[in-house]
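The next block holds one structure in the form of structure tokens; read it before the comments.
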Amino acid sequence: MPATGEGRGALLAPSAWAVLSAPVQKQIGLKFTGFYIGALDTPVAQVDVPIRVAKFLTVTPSYMGYSVPARGLNRLPPLPGRFTDNYDEHQFRVDGTVAFAVRKFEISARNMYVRRFRPAPADDMNRYRGRIAVAHPLVVHGRIWKPFASYETFHEPIVGWNRYRIWSGVTLPVHKRVFVQPSYLWESSEGSRNVHYVLVGLIVNTR
């Protein structure tokens, strides 16, 4: 995995997100997600359209946009940065996810193609993301808790494999269609400090 070199240590990033999921047709859904990465002062918006094309396969086109202020950019390099402008990026993505169960273990593998539209003078570029995840439901006081863990890698032209993520947490029911998800995500990225994300998510399903 890439080393960040000498300089500042890892960055702690308390973050929050919320997702609203609704059916469009029997096999098609719509998801709206909003993130806020506290340590970087960064808002993120995302729209997904999951399409279940087979029993074990879902294809999801999506859009994501985010804006990092200069003060957030200056916190990422191993040595203090000198950024003065915001960084805004738009991404159009499509992924295929294969999901299946082995006993009570829910296993999924996702392959994602990303087209990154970056501000000048940076060039637009492609990205590949591959993720494998596992979850297991547990009955706790009559409610279903679902701990999960995943590992994800990123690949881009020229630089190759340049980012790695390990994510773990638990999905907890609040209501029939409302869930909370506390989690922790570790990220290592070429040329940046390691980031420890401490996340709290809210999931609302309308189906």
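Just one of the listed residues (ARG118, ARG110, ARG193) is within 20 Å of PHE92 (Cα to Cα) and in contact with a Lys or Arg (Cβ under 8 Å, 6 or more places away or on another chain), namely ARG110. Applying the condition of being without any contact (Cβ under 8 Å) to a residue 60 or more places away in the chain and over 18 Å from GLU187 (Cβ atoms) to the range 71-85 and asking which residue is surrounded by the most Cβ atoms within 10 Å (Cβ to Cβ) yields PHE83. Entry remark, the range 6-36: residues being touching a strand residue (DSSP E or B) at 6+ places or on another chain (Cβ under 8 Å) and part of a loop (DSSP other than H, G, I, E, B) number 2 in total.
Every residue, every condition in (1) among the small types (Gly, Ala, Ser); (2) under 15 Å from the mean Cα position of the chain (by Cα), yes or no:
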{"position": "ALA10", "(1), (2)": "yes, no"}
{"position": "ALA16", "(1), (2)": "yes, yes"}
{"position": "PRO23", "(1), (2)": "no, no"}
{"position": "ASP48", "(1), (2)": "no, yes"}
{"position": "ARG52", "(1), (2)": "no, no"}
{"position": "SER67", "(1), (2)": "yes, no"}
{"position": "LEU73", "(1), (2)": "no, no"}
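The residues in the range 46-70 that are closer than 25 Å to ALA120 by Cβ and surrounded by 14 or more Cβ atoms within 10 Å (Cβ to Cβ) can be counted, and the count is 9. Out of SER21, SER62, SER15, one residue alone is in contact with a helix residue (DSSP H, G or I) (Cβ under 6 Å, 6 or more places away or on another chain) and under 24 Å from ASN205 (Cα atoms). It is SER15. Can you give me the number of residues within the range 172-199 that are among the charged types (D, E, K, R), touching a residue at least 24 places away in the same chain (Cβ under 8 Å) and surrounded by fewer than 17 Cβ atoms within 10 Å (Cβ to Cβ)? Residues flagged as among the charged types (D, E, K, R), touching a residue at least 24 places away in the same chain (Cβ under 8 Å) and surrounded by fewer than 17 Cβ atoms within 10 Å (Cβ to Cβ) within the range 172-199 amount to 2. Of the listed requirements (1) out of contact with any Ser or Thr (no Cβ under 9 Å at 6 or more places or on another chain); (2) not in a strand (DSSP E or B), ALA39 misses just one: (1).
Within the range 86-103, residues that are among the aromatic types (Phe, Trp, Tyr) sit with their Cβ atoms under 7 Å from residues that are part of a strand (DSSP E or B) and surrounded by 16 or more Cβ atoms within 10 Å (Cβ to Cβ), at 6+ positions apart or across chains, in these pairs: TYR87/VAL68.
Listed by first and then second residue, the pairs linking a residue in the range 16-29 that is in contact (Cβ under 8 Å) with a residue 12 or more places away in the chain to a residue that is exposed (fewer than 14 other Cβ atoms within 10 Å of the Cβ) and among the hydrophobic types (A, V, I, L, M, F, W, C), with Cβ atoms under 7 Å apart and 6 or more places separating them unless they lie on different chains, are GLY29/ALA22. The set of residues in the range 43-76 that are aliphatic (A, V, I, L, M) and not in a loop (DSSP other than H, G, I, E, B) comprises VAL44, ALA45, VAL47, ILE51, LEU57, VAL59, MET64, VAL68, ALA70, LEU73. Has the range 177-200 got at least one residue that is under 22 Å from SER15 (Cα atoms), among the basic types (Lys, Arg) and at pLDDT below 95? Scanning the range 177-200, I find at least one residue that is under 22 Å from SER15 (Cα atoms), among the basic types (Lys, Arg) and at pLDDT below 95, so the answer is yes.
The values are calculated or read from the model by the stated rules, or taken from the named source; none is laboratory data. Since the model is a prediction, treat every value here as computed from it, not as a measurement. For neighbour counting, all protein chains shown are included, and Cβ atoms are generated from backbone atoms with ideal geometry for every residue, glycine included.
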